[in-house]
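These notes are about the structure you will find just below.
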Amino acid sequence: MLDRIPANVSSVGRVPSPTRSPALVFPNDYAELKRRVTAAGLLDKRPGYYVATMSANLVLVGLLVAALVIFRSNLPILLAVAAGMGFMGAQLGFVGHDAGHRQMFAAPWKNVAAGLFWGNLVMGMSPSWWNDKHNAHHGNPNHTDMDPDIDTPIVAYSAEQARGKARWARWIVRRQAYLLFPLLSLLAWNMHLSSVEFLLRRRSKRTRPEVVANRTKYRRIEIALLLVHLPFYLGGLVLLLGWYAIPVILIHHAVWGIYIGCSFAPNHKGMPMLDDSSQLDFFRKQVLTARNVRPSVVRDYLYGGLNYQIEHHLFPACPHPHLPALRRLVRQFCSDVGVPYHEVGVVDSYRELLGFLNAVGRSLDEPPAGVFAAA
């Protein structure tokens, strides 16, 4: 699995060259696609669906809390409950993700309220931090300088990135395909810490005016909700479980991190990388850098709709229930205008992802291009 790298993975700035049918030329492909999507009603809000989803999530969270109380002296069952908490952490993250994209309700304040409730109060994570990072990714997916999702200290997505890492980080990069899942087990902790750092900073790292304004608007509310979350989560578990709280917290966060990471990792990693020399319009930039995981009822639930990554990047405000119909429309449109549409099964998505990470890691053992020529 680790030796396979997808054929469409190319060096920075190089992407597949789409062909276009002469009979289907639109002045602006995305505008034409959006016209069709809007006419089909696929951007219409589905508040009833999200109210039902959030209600079901509240019931599941309540059952997990009840299980902690009932089985507080039974460590094996507590560890199973902790794994369930990790699973629900990712599911709640999907709800917060949809709220951040304003998928749920027509009234913006309702989406904000849902994000604050599920993010700050229930999960202990700042939606303002997430939106700042995630919207930057949506604007420039797989861009070597502008996508925060490929700007990490211990994982590299190109040979140039790998060689630019600190010496200690290069040890990890060489083995990053094998260390992916252990590293993902730390992701939930990173989300907590990044949220606090974001709220305490006076300015955003990306210093976009609208982000600074939003954080100023909700900063006090978010900090207050986090201060409510922390004692209820940590204090409640310690008072209820004693030292059993330690393995419960560790399992909860490890499962949460691995699950949420596995939902996001196959979406872009191993797809073409872009830089400032990449001359692509919005439509092609979003389609060519994304990978879909073939849908099914179970996969759609487990991935929170993120397996429709191409459609989500083209229309991030599209509600989850409309994604299957949107996929059919987008696939046909891509075929009409000659733009490659990459969709694989679950196993192949990880084969491509791990093969790509392994190839980048092994590049550290190869001399930089031009070394022998220069000699």
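No lab work stands behind these numbers, since they all come straight from the coordinates. Quantities reported herein were computed from a predicted structural model and do not represent experimental measurements. For neighbour counting, all protein chains shown are included, and Cβ atoms are generated from backbone atoms with ideal geometry for every residue, glycine included.
Odds and ends about this structure:
- Ranked by how many other Cβ atoms sit within 10 Å of their own Cβ, fewest first, the residues Asp365, Asp281, Asp98 fall in the order Asp365, Asp281, Asp98.
- Pairs over the 30 Å Cα-Cα cut-off, from the set Lys110/Lys133; Lys217/Lys285; Lys45/Lys285; Lys217/Lys269: Lys217/Lys285; Lys217/Lys269.
- Where N is the number of residues in the chain, Cα Rg divided by 2.2 N^0.38 Å: 1.03
- Radius 13 Å from Cβ of Thr53, net charge of other residues (Lys, Arg +1; Asp, Glu -1): -1
- Here the relative contact order of segment 285-366, from alpha carbon pairs under 8 Å that lie six or more residues apart, stands at 36 percent.
- Using C-alpha pairs under 8 Å with a sequence gap of at least 6, the mean separation divided by the residue count of the chain gives a relative contact order of 33 percent.
- Going from the fewest other Cβ atoms within 10 Å to the most, the residues Trp189, Trp168, Trp130 appear in the order Trp168, Trp189, Trp130.
- Subtracting the Cα-Cα distance of Ala106 and Ile154 from 0.36 nm times their residue separation leaves 13.3 nm of extension gain.
- Charged neighbours of Leu116, selected by a Cβ distance under 12 Å, balance to +3 (K, R count +1; D, E count -1).
- On the basis of the beta-carbon distance and an R0 of 45 Å, Arg170 and Phe232 show a calculated FRET efficiency of 0.65.
- Entry note, the chain: the mean residue ellipticity at 222 nm calculated from DSSP H runs of n ≥ 4, each adding -39500 (n - 2.57), is -18500 deg cm²/dmol after division by the residues and rounding to the nearest 500.
- Among Ser73, Ser363, the order by Cβ neighbours within 10 angstrom, fewest to most, reads Ser73, Ser363.
- Placing a label point 7 Å from the Cα of Phe181 along the Cα-to-Cβ direction, the residues of segment 74-103 with a backbone N closer than 20 Å are 79-91.
- Residues Gln332 and Ala56, FRET efficiency given R0 of 45 Å [Cβ-Cβ distance, rounded to 0.05]: 0.85
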